[in-house]
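Each remark here refers to the structure printed beneath this line.
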Amino acid sequence: MSASQIIFYIIAAVIIGGGILAVTSRKIFRAAIYLLFSLLGIASLYFYLNYEFIAAVQIVVYVGGIVVLIIFSVFLTHASGDEMQKPVLWRALFSGLAAVFATALTLLYITEHTFIPTANAAVAPSVKNIGLQMLSTTQYGYILPFEVVSMLLLAALVGCIVIAIKIKTKE
Amino acid sequence: MKTLLSYSFSSLATHIHNWLKNAITNDMLLTVTEMVIVGVCLLVFLILLAFFLGYMERKVAAFMELRLGPNRVGPKGTLQIIADTVKLLFKEGFTPDAADKFLFNLAPGIIITTALLAVAPIAYAKGFQIWDINIGVLYISSVSSMAVIGILMAGWSSGNKYSLIGAMRSGAQIVSYELSIGLSLISIVVLTGSLSLNDIVESQANGWWIFKGHIPVAIAFVIFVVASTAEINRAPFDLVEADQELTGGFNTEYAGMKFAMFLMAEYINLFVVSAVAATIFLGGWMPFHIGGMTGFNHIMDYIPSSIWFFGKTLFIIFIIMQFRWTFPRLRIDQLLNLEWKYLLPISMVNVLLVTLMAIMGWHF
């Protein structure tokens, strides 16, 4: 086994192990930390593949943003340090079955699918190329999804403000 | 004479690399050996740096308050930090009863790891860099955004209300000040057209950005220094620790070497922030050049690039240290107002100005 493969399996073990522990841990704060390790593992997988920009974005968005928000909301819950009660058996059973079937389905698709190699030369995943493609208005540009997603984010922001706003009542 | 004076560490690194290449034929072993050497050198450098910054901070504080500072241990008190370290080594590293043991012991490790990760892409001298990654600026800002998780972990797992309040404050503080830091970095990325620290330094060969970029870049520089002081939890933004109200905040329950790791991470973060400010705005290892004056530029070239880099970095560290003894600590609402009502709108308008400048080619 080459060094590259060893590194890959270590990263994969961290991702899967973190994911399993995040689901099975009965302390909610620890679950958030295990999720952090899983997401960091994915970022290191991107680094391993030399997709540095995607890796950095993964860290900024998921680790620096989403996990921090999750931890923050854990802080605001009652008794965040106590062990949660054991899940009901049939619920755990069916969740396990759902996970197994989803994995099986994904594996089936990956093994059945024939990947067609393209004749075009590979494009370097540099920041410049990603940016140009993202805002390109040509046939394969991503400007429309980009703008639609920004509308979605705007709607979410407006929603947050509406929920958080305090209307002063006149006495 | 020229070669001796403009000596850079890069030739030393090349020599060692060639020597090792002859000694070790196995490619994988060579890579691993070199990684270990680089790692050990970096750790030794950072420990010495933390010693130096600790001493410097005390002396700066003392002189600003008309005191002498440490002056008993060693000549001019230079060995005081060594004595303090030995004291911390002998202290008991206890874990409180109410703590979540696993996370409590993991937190100092997370904090120091994130601090060390951010050191990797910094260019110390001409051609002397650990990792020339082509998204250097984005990498540093993304890795340093992880530091907050270590603080949240430390504060929560201590099982102490003061620590928890400190951690909550740090969450609000670091997440909001990251925005201004990102926007002020973007203004230079817009002018350079690259995220690589090397490209940014190269683009300042005919003048540093703070001079070339007129007032908008100067505003970005000020915002960067203020926001990064908040990001690394230094006074006047040290609400996370706030000795008087929170008895130490998130690190209340830590003692001995675990506490020393927090301290060391703080100094490494201070160095990283100042090094980034020096690289982005003040030209990194690039000597002070004025376009057109070849004689003057030639004299400046005689000063080694590493001295330029460390001189600029220490200058910014000195400024940030002076903040600590100049301004009183902000309240949490003042802190959030400063970011969301002043720094963020200013830096947003500033990015637009810089973009206009870059498009019209108004900078030198």
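Structure notes:
- In this structure the amide hydrogen of B:A255, modeled in the peptide plane, comes within under 5 Å of the amide hydrogens of B:F94, none closer than 5 places in sequence on its chain.
- Nonlocal amide H pairs with B:H289, under 5 Å, H built at 1.01 Å: B:G207, B:W208
- Across segment B:349-360, computed HN-Hα scalar couplings (Karplus, 6.51 cos²θ - 1.76 cosθ + 1.60, θ = phi - 60°) run 4, 4, 4, 4, 4, 5, 4, 4, 4, 5, 5, 7 Hz from first to last residue, x flagging Gly and Pro.
- C-alpha center-to-center spacing [segment B:209-262, segment B:106-173] in angstrom: 12 Å
- Exposed chymotrypsin sites (Phe, Trp or Tyr not before Pro) absent - longest run of chain A, DSSP non-H/G/I/E/B, at most 12 other C-beta within 10 Å: A:1-114
- Ranked B:H17, B:H289, criterion: other C-beta atoms within 10 Å, fewest first: B:H17, B:H289
- Based on DSSP H segments of at least four residues, each scored -39500 (n - 2.57), chain A has a per-residue ellipticity at 222 nm of -22000 deg cm²/dmol.
- Residue pairs exceeding 28 angstrom between C-alpha atoms, taken from A:K128/B:K126; A:K27/A:K166; B:K21/B:K312; A:K27/B:K87: A:K27/A:K166; B:K21/B:K312; A:K27/B:K87.
- Using equal-weight Cα scatterers in the Debye expression, the normalised intensity of segment B:261-364 in log10 at q = 0.10, 0.13, 0.14 Å⁻¹ is -0.47, -0.77, -0.86.
- Interchain or long-range residues, amide H under 5 Å from A:S136's placed H: A:Y142, A:I143
- Trypsin sites (Lys or Arg not before Pro) restricted to segment B:84-137 and DSSP loop, no more than 15 other C-beta within 10 Å: B:K91
- For B:G182, the shell of other residues with beta-carbons less than 14 Å away shows a net charge of -3, using +1 for Lys and Arg and -1 for Asp and Glu.
- Proximal aspartates and glutamates to B:K101, defined as alpha-carbon separation beneath 18 angstrom and excluding residues fewer than eight positions away on the same chain: A:D82, A:E83, B:E92, B:E253
- Chain A shape via C-alpha gyration tensor axes, a/c threshold 1.5: oblate
- A:K27 sits among other residues whose Cβ lies under 11 Å from its own Cβ, and their net charge, with Lys and Arg +1 and Asp and Glu -1, is -1.
- Estimated translational diffusion coefficient (Stokes-Einstein, Kirkwood radius over Cα pairs, 4 °C, 1.567 mPa s) of the protein assembly as shown: 50 µm² per second.
- Our coupling estimate for segment B:15-21, obtained by passing each phi through the Karplus curve with A = 6.51, B = -1.76, C = 1.60 and θ = phi - 60°, is 4, 4, 4, 5, 4, 5, 4 Hz, Gly and Pro reported as x.
- Between B:V86 and A:V100, the modelled label-to-label distance comes to 6.3 nm, taking each label 7 Å out from Cα in the direction of the beta carbon.
Here, each number is a calculation from the coordinates, and none is a lab measurement. What you are looking at is a predicted structure, and each value in this text was computed from that prediction instead of being measured. As a convention, Cβ positions derive from the backbone with ideal geometry for all residues, glycine included, and neighbour counts pool all protein chains shown.
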